[in-house]
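Below: the structure, in structure tokens.
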Amino acid sequence: MSAYSIADAKADLPRLINRAIAGEAVVITRHGKPVAEIRPCVSAPPVSRSEFLAGMASRRSVLRGGPITSVELLNLIYDDPAA
């Protein structure tokens, strides 16, 4: 784990994000004290192309039903398909 001041992190944020993607935790400090951490994200398991297309087709069929509000659209986009 490496530590960077806020000023250093601001100047090199893309590089620090790449380090996090590679699996390294990066600590951001202010006046020598840790205040934040950049670390790899736990991501959802990848879906196959056919699963992705099937999900998009089901969402498209819902949208063809008529106009929906922006809240309904966001719920469709971020809704957990397993729920």
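Computed from phi, the 3J(HN,Hα) profile of region 9-14 under the Karplus parametrisation 6.51, -1.76, 1.60 (θ = phi - 60°) reads 5, 4, 6, 10, 4, x Hz, with x in place of Gly and Pro.
Annotation: extensible slack from residue 25 through residue 73 equals 13.8 nm (criterion: 0.36 nm per residue apart, minus Cα-Cα distance). Applied to region 18-30, the Karplus parametrisation 6.51 cos²θ - 1.76 cosθ + 1.60 on θ = phi - 60° returns per-residue 3J(HN,Hα) values of 4, 5, 5, 4, 6, x, 8, 7, 10, 9, 9, 10, 10 Hz, with x for Gly and Pro. From most to least packed by mean Cβ count within 10 Å, the peptides 15-25, 46-56 give 15-25, 46-56. Taking a Cβ cut-off of under 12 Å around residue 25, the surrounding Lys, Arg, Asp and Glu residues balance to a net charge of 0, with basic ones at +1 and acidic ones at -1.
None of the figures in this text is laboratory data; all of them are computed from the coordinates on show. The structure presented is a predicted model; accordingly, all values stated were derived computationally and were not measured. Please note: Cβ atoms are built from the backbone with ideal geometry, for glycine as well, and neighbour counts cover all protein chains shown.
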